[in-house]
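K.L.:
I'd like to ask some things about the structure below.
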Amino acid sequence: MTDMNQIVGSHDIVMITLDTLRYDVAKLEEENCPNLCGSGPWEKRHTPGSFTYAAHHAFFGGFLPTPANPDKASHIRLFHTKDTGLRTHPYTWLFDAPDIVSGLENEGYRTICIGGVIFFTKKNKLAKVLPGYFQESYWRMTFGVTNPRSTEHQVNHALKLLEKADPAQRLFLFLNVSAIHGPNHYFVEGSVKDSVESQRAALRYVDGQLGRLFDALRKRGKTFCMAFSDHGTAYGEDGYEGHRLAHEVVWNVPYREFVL
Ligand SMILES: [Zn+2]
């Protein structure tokens, strides 16, 4: 069990949202994801939101995906806002701010967002809201869902920032990975439609790229990493397509936390 009060202040903190990754897909690829699953398996959780915008507001508010079991007592939150009057676990880090990003900023963290899907593009006012939580935010066309090498470009950008970063200042790095979101059919040669198969291939691609990021973070010191999906997506189950709807393929998400 992670004691966040031992993490905050001493570790870099990385949050990676594997946008749209289904829980069943993540489980099927566990053995092929040495970077994400090298230290353990995915945990099944329920997301607080059925699409990117809703889910990320909850995450930044300290509400990460909830363990998918009915035993509430086992749900120990990493983050919780201060002064709610509710009893919290001693391992939970209490932030005195509207959200964890500015809460970490108050603790001296440099907060960085590397965007991926449409809600991080900063191209219109709505798409500036989520990046606006951070001191610095970056988005390029090459980070987006239409680029088959998006994760490579996102990681390259992160590496450039890490290279120049002050080794004495702790970082909160948020990365929204766009590659697993649709369209992902191009990860399977000859495929014209997104499917469980193409999402599996996209996840293998993403894991392969994350190794360079993890190596660079290890060089800086200790990093606490949270990797999870913001929601799944339907590929025709019960007639449903996509997300922003209530179906177990959307609500169930994979979750992992580990120290690099
Ligand atoms: Zn999303």
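K.L.:
Being within 16 Å of the ligand (Cβ to nearest atom) and crowded, with 16+ Cβ neighbours inside 10 Å: is that true of F79 here? If you could, list the steps in order and put the result at the bottom.
P.N.:
On the way: within 16 Å of the ligand (Cβ to nearest atom): no; crowded, with 16+ Cβ neighbours inside 10 Å: yes.
Considered against the rule, which asks whether it is within 16 Å of the ligand (Cβ to nearest atom) and crowded, with 16+ Cβ neighbours inside 10 Å, F79 comes out as no.
K.L.:
Regarding segment 73-90, can at least one residue be identified that is hydroxyl-bearing (S, T, Y) and part of a loop (DSSP other than H, G, I, E, B)?
P.N.:
Yes, the conditions are met somewhere in segment 73-90.
K.L.:
For segment 38-53, how many residues meet the condition of being without any contact (Cβ under 8 Å) to a residue 60 or more places away in the chain and either within 15 Å of the ligand (Cβ to nearest atom) or under 21 Å from H247 (Cβ atoms) (or both)?
P.N.:
1
K.L.:
So which of L171, L175, L203, L159 is touching a strand residue (DSSP E or B) at 6+ places or on another chain (Cβ under 8 Å), of a type outside the set (S, T, N, Q) and more than 16 Å from the ligand (Cβ to nearest atom)?
P.N.:
On the way: L175 fails: more than 16 Å from the ligand (Cβ to nearest atom); L203 fails: more than 16 Å from the ligand (Cβ to nearest atom); L159 fails: touching a strand residue (DSSP E or B) at 6+ places or on another chain (Cβ under 8 Å).
Matching residue, one of L171, L175, L203, L159: L171.
K.L.:
Considering only segment 35-58, I want to know if a residue exists there that is out of contact with any Asp or Glu (no Cβ under 6 Å at 6 or more places or on another chain) and among the aliphatic types (A, V, I, L, M).
P.N.:
yes
K.L.:
Just to be sure before I move on: is T151 more than 16 Å from the chain's Cα centre (by Cα) and either in contact (Cβ under 8 Å) with a residue 60 or more places away in the chain or at negative phi (or both) in the structure I sent?
P.N.:
When the stated conditions are applied, T151 does not pass them.
K.L.:
Pick out the one residue from T2, T17, T66 that is within 15 Å of the ligand (Cβ to nearest atom) and surrounded by 15 or more Cβ atoms within 10 Å (Cβ to Cβ).
P.N.:
T17
Read-outs throughout are calculated quantities, based only on the coordinates presented, and are distinct from any laboratory measurement. All of these numbers come straight from a predicted model, not from anything done at the bench. So basically every Cβ, Gly included, is an ideal-geometry build from the backbone, and we count neighbours across all protein chains shown.
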